[in-house]
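As structure tokens, the structure follows; a few thoughts come after it.
Values quoted throughout were computed directly from the atomic coordinates according to the rules given, and no laboratory measurement underlies them. Predicted, not measured: the structure shown is a model, and the values here were computed from it. We place every Cβ from the backbone using ideal geometry, glycine too, and count neighbours over all the protein chains shown.
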Amino acid sequence: MSPEPTAATRVYDVVKEKILTTEIAGGELISEGDIARLCEVSRTPVREAFLRLESEGWMRLYPKRGALVLPITEREAGDVLQARLLLEGHAVARIVDRPAVHAVLLDDLRANLAEHRGVGTSDIATFSRVDAQFHQLIVAAGDNPLIAGFFASLGERHRRMTTASVHRDPGVTGRILDEHAAIIDAIASGDPAVFDAALSAHLVSVHHNHPPAHAQGNR
């Protein structure tokens, strides 16, 4: 049996999820008191959770004023997308000559896409979570735990960016599903260059306000 999470961990999980789903938007100032009331805890675990979130780059603390949730900057978004291109492309290049791994990945991605199509477009939190899982499956198939672990941290920023894109343009959900199908076809082709092109086009389509650096001609 796993131990019960501490109060600080529970607060951390609640606040972080609200940031990732943009329920708490970038640029919003939140107070210890408001979060303590929301989570029905004292201010001490809230303070501990805020310190952890600040150390991870999600917020900045201002004594006696509260915590400012940091918005996604142009630089951060571009860096996240560029890293995703490199890491997902690396994983696909590693598996194209490993038929068994290749086949399992395709099955997993098709199952993910079927699940994704079943998510209601109004459930943006679940939609963005399943979207992130699609890309994490690709990286995990590359069989490099260090890269997969790093990509998981990118996945949180990916979720936040996707959620923001859906709020900005609800029609992006249909494009995401169609483009994931195209990415599966690209992986099935066995040509890493075809995959790189499909992924790059997908990232530009979904995050057109934050294109990855190489898509801007800066490779």
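Hey, what number do you get for the chain at 222 nm if only DSSP H runs of n ≥ 4 count, each worth -39500 (n - 2.57), divided across all residues, to the nearest 500?
Numbers: 9 runs with 150 residues, N = 219.
Helix contribution divided over all residues of the chain: -23000 deg cm²/dmol.
How large is the dipole of the chain about the Cα centre if only Lys and Arg carry +1 and Asp and Glu carry -1, each at its Cβ, rounded to the nearest 20 debye? Mind showing how you got there, number by number?
Values: 23 positive and 29 negative charges, 131 e Å.
The dipole magnitude comes to about 620 debye.
Set the Förster distance to 30 Å, then compute FRET efficiency between Ala114 and Glu74 from the Cβ-Cβ distance, nearest 0.05. Please report the intermediate quantities before stating the final value.
Working: r = 35 Å, r/R0 = 1.16.
The pair Ala114/Glu74 has a calculated efficiency of 0.30.
Quick one: length gained pulling Arg168 to His208 fully straight, 0.36 nm per residue minus the C-alpha distance? Could the numbers behind the result be given before it?
Numbers: separation 40, 0.36 × 40 = 14.40 nm, distance 1.11 nm.
Contour length minus Cα-Cα distance gives 13.3 nm.
Starting with the highest mean, order 182-190, 71-79 by the number of other Cβ atoms within 10 Å, averaged over the residues of each peptide.
Result, highest mean first: 182-190, 71-79.
Which FRET efficiency value, to the nearest 0.05, is calculated for Leu86 and Asp34 with the Förster distance at 45 angstrom and r the Cβ-Cβ distance?
Approximately 0.70, to the nearest 0.05.
Computed over the Cα atoms of the range 7-69, what is the convex hull's projected area averaged over all directions, in nm²?
3.5 nm²
Only Lys, Arg, Asp and Glu count, each charged at its Cβ (+1, +1, -1, -1), so figure out the dipole size of the range 7-69 about its Cα centre, rounded to 20 debye.
220 debye
Find which of Gly171, Leu51, Gln136 sits farthest along the positive direction of the dipole of the chain, computed with +1 on the beta-carbon of Lys and Arg, -1 on that of Asp and Glu, about the Cα centre.
Checked the options; the winner is Leu51.
Quote to one decimal, in nm, the extra length available between Val96 and Glu54 on full extension: 0.36 nm per residue of separation minus the C-alpha distance between them.
Extending this stretch completely gives an extra 11.1 nm.
Sort 16-23, 56-63 for me by packing, meaning the mean count of neighbouring Cβ atoms within 10 Å per residue, highest on top.
16-23, 56-63
With a point put 7 Å past each Cα toward its Cβ, work out how far Ala103 is from Thr121 in nm, to one decimal.
Output for this residue pair reads 3.7 nm.
Net charge within 10 Å of Thr21 by Cβ-Cβ distance, Lys/Arg positive one each and Asp/Glu negative one each, not counting Thr21 itself?
Summing Lys and Arg as +1 and Asp and Glu as -1 gives +3.
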